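Accompanying notes for the structure given below.
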Amino acid sequence: METIQPILKFASKQTNFGFGLVALLTAGGEQIFSMVAFKCPCNELNFTYGLVFLLVPALALLLLGVILSKKTWKLTTGFCHRNPKLCKWRNLKSMGVTVIKISACSLVAPSTWIAVALLRGSYYECAMTGANSTRYRKNVCRGVNSAAECLTKLQMFPCKSAGNESEEVLLTLRAHSQILGWLVIASIMMSGLLVICVTRCFSPISYLHLKFWNDYVEEEDNLMDEYSSKHAKELAERNLKIFFKIQDPAETPTPPSTRRPPANIVTPSTEDWKKITLLNKSSPKEQIYSTLHRYVEKTREEKGSDKTPLLRSNESAEKPPGVDGGTVST
């Protein structure tokens with residue numbers, strides 16, 4: 001598990017390369033899965049069996065994408081305690097944008113699975129030869145020499161050859177499947193391009209500023225994981241030493257009455273954790289790059305340590321679409 005952890009972490013990044021890696025892994029997984037596990041039963045179960053192999057793995061990948069998204073747990077953790085605050089329009093808007101981002105990122109793998117499976121055609125052939133529709137079956141067998149025999153043996157076509165009629169029908173079904181596959185790919189690419197163009201068109205900041213914003217949020221996310229892990233390790237080590245009454249080897253033996261007290265490790269309060277976990281809300285008069293950034297600036301202002309907060313300018317800027325506690329699609 002430790003070996004694939006960096007791959008999962010990299011693939012979860014909301015970047016074009018990360019999405020490409022997820023799509024490539026999904027396509028390879030579909031190829032292996034279809035060769036190892038898929039075998040059309042060639043009976044009345046054809047339709048159900050084919051659809052299950054086409055759609056259920058896609059559903060599983062969708063749920064896996066939702067589970068692996070940090071935004072999912074950032075949105076849902078403590079949700080039941082925040083109900084009175086959800087009626088505010090600003091909160092509802094932030095939640096809606098977050099849900100859309102989670103869905104968009106989670107749909108990469110399942111849509112890739114469906115597109116690749118349709119291009120191969122095996123699942124579609126199996127499913128449609130078992131379709132319980134007389135009209136559809138007649139349409140598939142149209143033009144075949146032995147149309148009556150085709151109708152009765154259609155379910156057997158994916159398993160063994162029944163002559164030229166079988167090959168002709170399967171080629172027709174595979175052509176239908178591949179057409180649908182290319183339509184899925186084209187619609188996904190067009191939708192993605194349209195969304196990116198619209199969001200960039202309405203972005204109030206320049207491309208380089210947006211790239212800087214993306215770099216900052218990614219670095220903050222990486223450092224948060226690093227600092228949290230380091231702080232948790234120090235706190236756990238201190239507590240275990242106290243519990244097991246272990247003395248630091250570097251210290252010289254001293255009587256219990258003269259030993260130094262354990263190190264005082266300060267951990268942020270529950271309220272502080274809540275403040276930096278809130279969904280990022282943009283402000284047209286501030287240049288705040290994350291909830292942590294907002295928390296730090298507000299804390300510094302309240303303490304009066306500096307009248308000119310860091311990383312802030314007098315320029316009017318809004319949070320561009322695609323930035324919310326994660327990286328930006330560039």
Of the criteria (1) open to solvent by less than 60 Å² (accessible area, probe 1.4 Å); (2) modelled with pLDDT under 85, which one D272 fails: (2)
E125 of a type in the set (D, E, K, R), in the same structural domain as I185 (by the TED database) and either open to solvent by less than 60 Å² (accessible area, probe 1.4 Å) or free of Cβ contacts under 8 Å to residues at least 24 places away in the same chain (or both): yes
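Is it true that some residue in the range 60-67 is of a type outside the set (A, V, I, L, M), surrounded by fewer than 18 Cβ atoms within 10 Å (Cβ to Cβ) and without any contact (Cβ under 8 Å) to a residue 60 or more places away in the chain?
The initial filter retains those residues of the range 60-67 that are of a type outside the set (A, V, I, L, M), namely 65.
If we keep only those that are surrounded by fewer than 18 Cβ atoms within 10 Å (Cβ to Cβ) as well, we get none.
No, every residue in the range 60-67 fails to be of a type outside the set (A, V, I, L, M), surrounded by fewer than 18 Cβ atoms within 10 Å (Cβ to Cβ) and without any contact (Cβ under 8 Å) to a residue 60 or more places away in the chain.
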Among (1) outside any helix (DSSP H, G or I); (2) exposed (fewer than 13 other Cβ atoms within 10 Å of the Cβ), the one test that A131 misses: (2)
Filtered residues of the range 165-182 (kept if more than 13 Å from M128 (Cβ to Cβ), among the charged types (D, E, K, R) and open to solvent by 50 Å² or more (accessible area, probe 1.4 Å)): E167, E168
Residue within the range 218-232 that is of a type in the set (A, V, I, L, M), within 25 Å of V108 (Cα to Cα) and open to solvent by 60 Å² or more (accessible area, probe 1.4 Å) present: no
Some residue of the range 183-199 being among the hydroxyl-bearing types (S, T, Y), loosely packed, with under 10 Cβ neighbours inside 10 Å and at negative phi: no
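The values are calculated or read from the model by the stated rules, or taken from the named source; none is laboratory data. For clarity, every value in this text was computed on a predicted model and none was experimentally measured. Because the Cβ atoms are built from the backbone with ideal geometry, glycine has one as well, and the counts that use them run over all protein chains shown. With ligands, DNA and RNA removed, areas are computed over all heavy atoms of the protein, side chains included. Shrake-Rupley method; radii C 1.70, N 1.55, O 1.52, S 1.80 Å.
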